[in-house]
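Working notes for the structure below.
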Amino acid sequence: MLNFSCLPFDQLTPLELYDIMALRQEVFVVEQNCPYLDADGKDPHCWHLTGRNDEGKLVCYTRLLPKGLAYDDYASIGRVVSSPSVRGTGIGKILMQQSIDTCIRLFGNQPIKIGAQSYLLRFYEGFGFRSTGEEYLEDGIPHTKMILGG
């Protein structure tokens with residue numbers, strides 16, 4: 001069972017922020033062997049969706065960005081991550097649907113644009129995202145811009 005919470009940055013406790021940054025670094029920096037500056041200055045302006053298991057361990061997370069922060073005309077979902085300990089359990093799908101629903105609740109029913117790691121295109125297409133065809137390298141990893149709605 002997952003327990004979700006979504007808070008703006010200034011309402012996160014130091015421990016919640018620590019858990020978020022630790023999970024993001026575990027996957028994006030260590031597991032993907034991709035040193036990059038994760039603290040990009042956007043976090044203070046975002047909402048942070050966390051999913052914890054029944055023991056209270058953070059197992060999945062996304063960062064929800066209002067229109068104008070990542071893309072001029074779109075809200076966005078970023079830093080989509082699940083702990084290696086829960087991969088293959090369907091938690092990624094639950095997390096993404098919760099992220100879409102929460103993004104719509106927070107920012108209104110407007111199009112959502114993401115920068116998806118290209119190997120995950122089919123995963124995101126399952127939620128209705130469509131590729132814009134713009135593949136690019138971000139920190140050495142192929143990404144593709146995708147849009148939901150609009």
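Does the stretch 113-124 contain at least one residue that is out of contact with any strand residue (DSSP E or B) (no Cβ under 6 Å at 6 or more places or on another chain) and within 18 Å of Leu69 (Cβ to Cβ)?
No, there is no match, as no residue in the stretch 113-124 is out of contact with any strand residue (DSSP E or B) (no Cβ under 6 Å at 6 or more places or on another chain) and within 18 Å of Leu69 (Cβ to Cβ).
Within the stretch 35-65, which residues are acidic (Asp, Glu) and out of contact with any helix residue (DSSP H, G or I) (no Cβ under 7 Å at 6 or more places or on another chain)?
Matches in the stretch 35-65: Asp40, Asp54, Glu55.
Kindly establish whether Tyr18 is outside any helix (DSSP H, G or I) and not hydrophobic (A, V, I, L, M, F, W, C).
It is false that Tyr18 is outside any helix (DSSP H, G or I) and not hydrophobic (A, V, I, L, M, F, W, C).
Within the stretch 126-150, can you find the residues that are surrounded by 11 or more Cβ atoms within 10 Å (Cβ to Cβ), farther than 24 Å from Cys6 by Cα and of a type outside the set (A, V, I, L, M, F, W, C)?
Matches in the stretch 126-150: Arg130, Ser131, Thr132, Glu135, Tyr136, Glu138, Asp139, Pro142, His143, Thr144, Lys145.
Is it fair to say Gln98 is modelled with pLDDT under 95 and within 14 Å of the chain's Cα centre (by Cα)?
So Gln98 does not fit the description; no.
Here is a list: Leu106, Leu64. Which entry is over 13 Å from the mean Cα position of the chain (by Cα) and among the hydrophobic types (A, V, I, L, M, F, W, C)?
Leu106
Residues that are among the aromatic types (Phe, Trp, Tyr) and farther than 23 Å from Arg130 by Cβ: list the strands (runs of 3 or more DSSP E) wholly contained in the stretch 31-100 that include at least 1 such residues.
Answer list for the stretch 31-100: 47-52, 58-65.
For residues that are assigned to a loop (DSSP other than H, G, I, E, B) and in contact (Cβ under 8 Å) with a residue 60 or more places away in the chain, tally how many sit in the stretch 107-149.
Total meeting the criteria: 2.
Restricting to the stretch 17-34, name every residue that is in contact (Cβ under 8 Å) with a residue 40 or more places away in the chain and either in contact with a helix residue (DSSP H, G or I) (Cβ under 7 Å, 6 or more places away or on another chain) or of a type outside the set (Lys, Arg) (or both).
Residues satisfying the conditions are Ile20, Leu23, Glu26, Val27, Phe28, Glu31, Gln32, Cys34.
Could you tell me which numbered condition Ser5 fails, if it satisfies all but one of (1) surrounded by 14 or more Cβ atoms within 10 Å (Cβ to Cβ); (2) part of a strand (DSSP E or B)?
(1)
Which one is surrounded by the fewest Cβ atoms within 10 Å (Cβ to Cβ), of the residues in the stretch 83-108 that are closer than 20 Å to Leu23 by Cα and of a type in the set (Val, Ile, Thr)?
Thr89
Residue by residue, here is whether (1) surrounded by fewer than 15 Cβ atoms within 10 Å (Cβ to Cβ); (2) not hydrophobic (A, V, I, L, M, F, W, C) holds:
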| residue | (1), (2) |
| --- | --- |
| Asp10 | yes, yes |
| Tyr18 | yes, yes |
| Gln32 | yes, yes |
| Ala39 | yes, no |
| Pro44 | yes, yes |
| Asp54 | yes, yes |
| Lys57 | yes, yes |
| Val81 | no, no |
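The values are calculated or read from the model by the stated rules, or taken from the named source; none is laboratory data. Since we're looking at a predicted model, the values are computed, not measured. Glycine gets a Cβ as well: all are built from the backbone with ideal geometry, and neighbour counts include every protein chain shown.
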